[in-house]
1. When both residues are 6+ apart or on different chains and their Cβ atoms are under 8 Å apart, which pairs have a first residue that lies in segment B:120-142 and is among the acidic types (Asp, Glu), and a second that is not in a helix (DSSP H, G or I)?
2. Which ones in segment A:83-116 are under 22 Å from the mean Cα position of the chain (by Cα) and surrounded by fewer than 17 Cβ atoms within 10 Å (Cβ to Cβ)?
3. Do you know which residues across segment B:18-72 are within 22 Å of B:Met87 (Cα to Cα), within 14 Å of chain A (Cβ to nearest Cβ) and in a loop (DSSP other than H, G, I, E, B)?
4. With the condition kept exactly as written, say whether any residue in segment A:171-184 is part of a helix (DSSP H, G or I), out of contact with any Gly (no Cβ under 7 Å at 6 or more places or on another chain) and modelled with pLDDT of 85 or more.
5. Being over 16 Å from B:Val249 (Cα atoms), part of a loop (DSSP other than H, G, I, E, B) and at pLDDT 90 or above narrows it down to one of B:Cys315, B:Cys333, so name that one.
6. State the number of residues belonging to segment B:67-109 that are closer than 18 Å to B:Cys187 by Cβ and free of Cβ contacts under 8 Å to residues at least 12 places away in the same chain.
Amino acid sequence: MLQFALRRLGILIPFLIAISIVSFIVIQLPPGSYVDSYVNNLRLQGNVVSAEQEGNIRAMYGLDKSMPEQYALWMGKIVFAGDFGSSFRYNRPVAAILMERVPSTIILSLTAIAFTWLLAVPLGILSAVKQYSVWDHTLTLIGLVGLAVPGFLLALGIMFVVYQNTGWLVNGFFSPPFREAPWSLAKVLDLLKNVWLPILVLTIGGMATITRVLRATLLDELNKQYVTTARAKGVPEMTNVLRYPLRIAINPLLSTLGWMLPAVVGGEIVVSKVLNLPTIGPVLLEASITQDMYLAGGIVMILSVLTVFGTFISDLLLALNDPRIRME
Amino acid sequence: MTPSASLKSTEPRLKVEGLKTYFFLDHGILKAVDGVDFHVGEAESVGIIGESGCGKSITAQSMLQLVRGRGQIVAGHAVLRRKQGEMVDILSLDPDSAEMRSVRGDDASIIFQEPMTSFSPVHTIGFQIGEMLRLHTKLSEAQIRERVIAMLGRVGISNPEVRIDEYPHQLSGGMRQRAMIAMALICHPQIVIADEPTTALDVTIQAQILDLMRDLQDELGMSIVYITHNMAVVAENVSRVYVMYLGRVVETTTTERLFKDPKHPYTQKLLRSIPHPGRPVERLEVIEGSVPSAVDPPRRCGFFTRCPSAMAGVCDAAIPALTKVDDEHWARCFLLSDEKEAEDEWSSL
């Protein structure tokens, strides 16, 4: 098992390098650069920008160098100084923006994922064990609605209903008076009063898939011979389901756990916009639109690294769960 | 109506009467088992033989009430004498009740045919065998481990101390079947139902497994019901045979009589389709056609469509009853008796 973990960890290093290169290429792909749009804007406003001035601005940001050089500079600073470069648009270090937003994003996403699993797994089991029952049909209906209704619409709807009935406007993580306030019990309570909505919306969005996938895989497994064998031994029905078929039916879910995190981050962009959440999603969107390349690159990089480590954790869990995987 | 005349046992260990297991499908009722009677004496071996789809495996699973989904045991009794000597009709128990679970594995167990798929691939052999003892005894984990190792050794698995912690995919097919036998026998059940125990194995391994089962039977004194389509298994291992066709027993007698003097046309055809080494033939005889569907079967002899001696207006007008040929021979054929199978509430379904 330890050997398996180390081997997997070893594969990660070249993988991370590859990802950084791909991230860099991706952010360079759109035609033009930030300087182009910046200079264009100046010219549109009636300013005269000479070619020499334009060249100076380019040099200032290191955009006059070749691609490999730019990449080397960028990576070097990240690895050795934790410096992700500067955001053109915010005129601040990218690292500072990431520090502000990444932790809250991860905590929000992990909380949503935890709730999703806690609810979806038991419901998936119920749906499979009581196939075609009222429970199954009800859960299927709710699941499909959850899948079909976009998160932001759900968020808006709930926001509206809550505001109509209580006068409480769910907005961001904190209400305005607490935004800059130091941590206190009141601030925590305020957080809880706001944060339930994004968690609820993200949970409902992710639940349907997990419930459906688990229902389908578990239904397959429930008809397998080894389940009958366990029954023939006198194993009680519920113990049987949880001990044998579930152990195998959970595999596809474990293997997707790794990329749930970036999926949640991506899925919550619009939700974050609607609910005014200071997460990473809206910033990524804006950075991409304005060609704020170091900011976009930094975020893509962080998300990719999270995905890679998520996949590593997925692999470990899979190997722990299934001896056939760890003995390969 | 039941062939109660048995060879030596006085009171059967298990007596099944009128077992009907139906599957309620969208396109009709599949009468997988449609009135089966059999009994097994103390330390006796009997065989239930028949082609695929004749209902023999469903009969086996019905004994422990393992039929799920759309399948349902609609009628019948299976009176089992438990370890402590009390008689209980296991089919009258609730399939999910604690009493039914206490019968499974402890009083009666099944050896399944597919040793690969019959074990969970993600649990060790030792865990899965030990689970039997964990369910039915109060032994400590250390004692359980000791018993499992001893049992694995007994069924001929080398290095049981190592094998106990291995997973099914690390064992060969023969080893897995030995482990399956170890699991079925570890609680010393009084009756073992072996559902095609050697079908998935090489011929050489088959012989070893059957020898092992005979040895264990001598040692532990359990009764065995061999469910098989393999005549060789029947010939060498059982004292009496039940021949099944389309959900019913069509003939039953001692193994010797069955091979020497089969009465039912189906059994006769079946025996003639076995190749005999050293007796070359042009072509092996085949039974023309295939087993008809058991979904909503018409009320006639099940073998009518393939029978060379079928009598129109007789065999397709009613179902023959299982009638006595002599003290140890019963068959279900209008050539032998005019007696018809009695109708009940399920016949007209």
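The values are calculated or read from the model by the stated rules, or taken from the named source; none is laboratory data. Keep in mind that this is a model prediction, so the values were computed, not measured. Neighbour counts are summed over all protein chains in view; Cβ atoms, including those assigned to glycine, are modelled from backbone coordinates with ideal geometry.
1. B:Glu131/A:Val235
2. Scanning segment A:83-116 gives A:Ala96, A:Met99, A:Glu100, A:Pro103, A:Ser104, A:Ile107, A:Leu110, A:Thr111, A:Ala114.
3. Once the filter is applied, which keeps residues that are within 22 Å of B:Met87 (Cα to Cα), within 14 Å of chain A (Cβ to nearest Cβ) and in a loop (DSSP other than H, G, I, E, B), segment B:18-72 yields B:Leu64, B:Gln65, B:Leu66.
4. Pass one, segment A:171-184, residues part of a helix (DSSP H, G or I): A:176-178.
Going one step further and asking which of them are out of contact with any Gly (no Cβ under 7 Å at 6 or more places or on another chain), we end up with A:176-178.
Now restrict to residues that are modelled with pLDDT of 85 or more: none.
Within segment A:171-184 (the criterion being part of a helix (DSSP H, G or I), out of contact with any Gly (no Cβ under 7 Å at 6 or more places or on another chain) and modelled with pLDDT of 85 or more), the answer is no, since none of the residues qualifies.
5. Working: B:Cys333 fails: over 16 Å from B:Val249 (Cα atoms).
The unique qualifying residue is B:Cys315.
6. 5
Residues are listed down the side, and each one gets a yes or a no for (1) outside any helix (DSSP H, G or I); (2) more than 11 Å from every other protein chain (Cβ to nearest Cβ); (3) surrounded by 19 or more Cβ atoms within 10 Å (Cβ to Cβ):
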| position | (1), (2), (3) |
| --- | --- |
| A:Val235 | yes, no, yes |
| A:Met238 | no, no, no |
| A:Val241 | no, yes, yes |
| A:Pro252 | no, yes, no |
| A:Ala263 | no, yes, no |
| A:Lys273 | no, yes, no |
| A:Gly281 | no, yes, yes |
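Residues are listed down the side, and each one gets a yes or a no for (1) touching an Asp or Glu at 6+ places or on another chain (Cβ under 9 Å); (2) free of Cβ contacts under 8 Å to residues at least 24 places away in the same chain; (3) surrounded by 11 or more Cβ atoms within 10 Å (Cβ to Cβ):
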position	(1), (2), (3)
B:Phe259	no, no, yes
B:His264	yes, no, yes
B:Gln268	no, yes, yes
B:Arg272	yes, yes, yes
B:Pro308	yes, no, no
B:Asp316	no, yes, yes
B:Ser337	no, yes, yes
